[in-house]
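The values are calculated or read from the model by the stated rules, or taken from the named source; none is laboratory data. Because the structure is predicted, anything quoted here is derived from the model rather than measured. Please note: Cβ atoms are built from the backbone with ideal geometry, for glycine as well, and neighbour counts cover all protein chains shown.
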Amino acid sequence: MIQISYLSKTSSPMSAAQLVSLLQQCHANNTARGVTGMLFYGNGTFLQVIEGEATTVDELVGKIARDPRHEDIRILSRKAIEHREHPDWSMGFEQVTAEGLRDVVGLRDFSESDFTPEVLAARKDVVETLMDRFRAPHWDPLVRELDAKDKVLEHLRTALARQRGRASFATLVIESLAEAGRKGPLGEEHQQLCESALKSLRGG
């Protein structure tokens, strides 16, 4: 696996709705590709870390470089990794604000207006401080909400599959009872079969 971190400037200011759309796109695409990472956005600047299989990550960065929403792209690092630093995040997100920076030890003299590709490319210490903070478990409310929705959908899919399985099982039991009934009176074994089936269908 590899990890690539890069900086870029937005070609035009991004609205909240556009950021939501971008994050939804990242979340869906990265999940499918097995890519994880972290995205910082502020002052019209992106700082992003992407990790996953080398071919996949290189292709993704190439795609980002061609994306008209990005300009002045600068690769900060490309390194081999054995373990993901953001294993739980299809794309973690942090919006960089003056208030948020004041809460970061070591960055209290770093302002939101300094969050630019030019400054960050020369201040690797700032980049590392931000990364160190968000390598710990952290969820932006927006991303948490998106992940929660996906988990709900996955739960529903699992529940529907479970119900289909139970329905198939119940159908099989009924068919077996009907077949046995055509041959003669139902016996104790059929009673036990019904009780076992009900227990299974009730999740017991």
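Tally time: how many residues in segment 50-66 are of a type in the set (Asp, Glu) and closer than 20 Å to Val96 by Cβ?
Taking segment 50-66 as the starting set, the residues that turn out to be of a type in the set (Asp, Glu) are 51, 53, 58-59.
Checking the rest, the ones that are also closer than 20 Å to Val96 by Cβ come to none.
Number satisfying all stated conditions: 0.
Hey, could you check segment 87-128 for residues that are in contact with a helix residue (DSSP H, G or I) (Cβ under 7 Å, 6 or more places away or on another chain) and polar (S, T, N, Q) and say which is surrounded by the most Cβ atoms within 10 Å (Cβ to Cβ)?
Our first condition is that a residue be in contact with a helix residue (DSSP H, G or I) (Cβ under 7 Å, 6 or more places away or on another chain); within segment 87-128, this holds for 90-94, 96-98, 101, 104, 106-108, 110-112, 120, 126-127.
Keeping just the survivors that are polar (S, T, N, Q) gives 90, 97, 111.
Numbers: Ser90: 22, Thr97: 13, Ser111: 13.
Step by step, filter segment 87-128, then rank; the result is Ser90.
Give segment 67-99 a look and list any residue that's over 29 Å from Arg33 (Cβ atoms) and either free of Cβ contacts under 8 Å to residues at least 12 places away in the same chain or among the small types (Gly, Ala, Ser) (or both), or say none.
Answer for segment 67-99, where residues must be over 29 Å from Arg33 (Cβ atoms) and either free of Cβ contacts under 8 Å to residues at least 12 places away in the same chain or among the small types (Gly, Ala, Ser) (or both): Ala98, Glu99.
Here's the yes/no breakdown for (1) under 24 Å from Phe110 (Cβ atoms); (2) at pLDDT 90 or above; (3) not basic (Lys, Arg):
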| position | (1), (2), (3) |
| --- | --- |
| Thr10 | yes, yes, yes |
| Gln24 | no, no, yes |
| Asn43 | yes, yes, yes |
| Glu59 | no, yes, yes |
| Lys63 | no, yes, no |
| Met91 | yes, no, yes |
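Hey, does segment 79-86 have a residue that's within 21 Å of Leu19 (Cβ to Cβ) and touching a Gly at 6+ places or on another chain (Cβ under 7 Å)? Quick ask: steps written out before the conclusion?
Residues of segment 79-86 within 21 Å of Leu19 (Cβ to Cβ): 86.
When the remaining residues are screened for being touching a Gly at 6+ places or on another chain (Cβ under 7 Å), the result is 86.
The answer is yes, given that some residue of segment 79-86 is within 21 Å of Leu19 (Cβ to Cβ) and touching a Gly at 6+ places or on another chain (Cβ under 7 Å).
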Practice task
Look at Gly42 and say whether it is in contact (Cβ under 8 Å) with a residue 60 or more places away in the chain and surrounded by fewer than 21 Cβ atoms within 10 Å (Cβ to Cβ).
Solution key: yes
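Only one residue in Arg74, Arg84, Arg78 is in a loop (DSSP other than H, G, I, E, B), surrounded by fewer than 19 Cβ atoms within 10 Å (Cβ to Cβ) and basic (Lys, Arg). Which one? Lay out the reasoning, then the answer.
On the way: Arg74 fails: in a loop (DSSP other than H, G, I, E, B); Arg78 fails: in a loop (DSSP other than H, G, I, E, B).
From the options Arg74, Arg84, Arg78, the qualifying one is Arg84.
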Problem - Residues of segment 12-68 that turn out to be out of contact with any Cys (no Cβ under 8 Å at 6 or more places or on another chain) and not in a helix (DSSP H, G or I), as a count - result: 25
Completion exercise
Being under 22 Å from Ala98 (Cβ atoms) and within 13 Å of the chain's Cα centre (by Cα) narrows Leu47, Leu19, Leu39, Leu7 down to just Leu39
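If only one of Ala98, Ala16, Ala80 is farther than 19 Å from Met131 by Cα, in the same structural domain as Thr116 (by TED's automatic domain parsing) and among the aliphatic types (A, V, I, L, M), which one is it?
On the way: Ala98 fails: farther than 19 Å from Met131 by Cα; Ala80 fails: farther than 19 Å from Met131 by Cα.
Of the residues listed, the single one that is farther than 19 Å from Met131 by Cα, in the same structural domain as Thr116 (by TED's automatic domain parsing) and among the aliphatic types (A, V, I, L, M) is Ala16.
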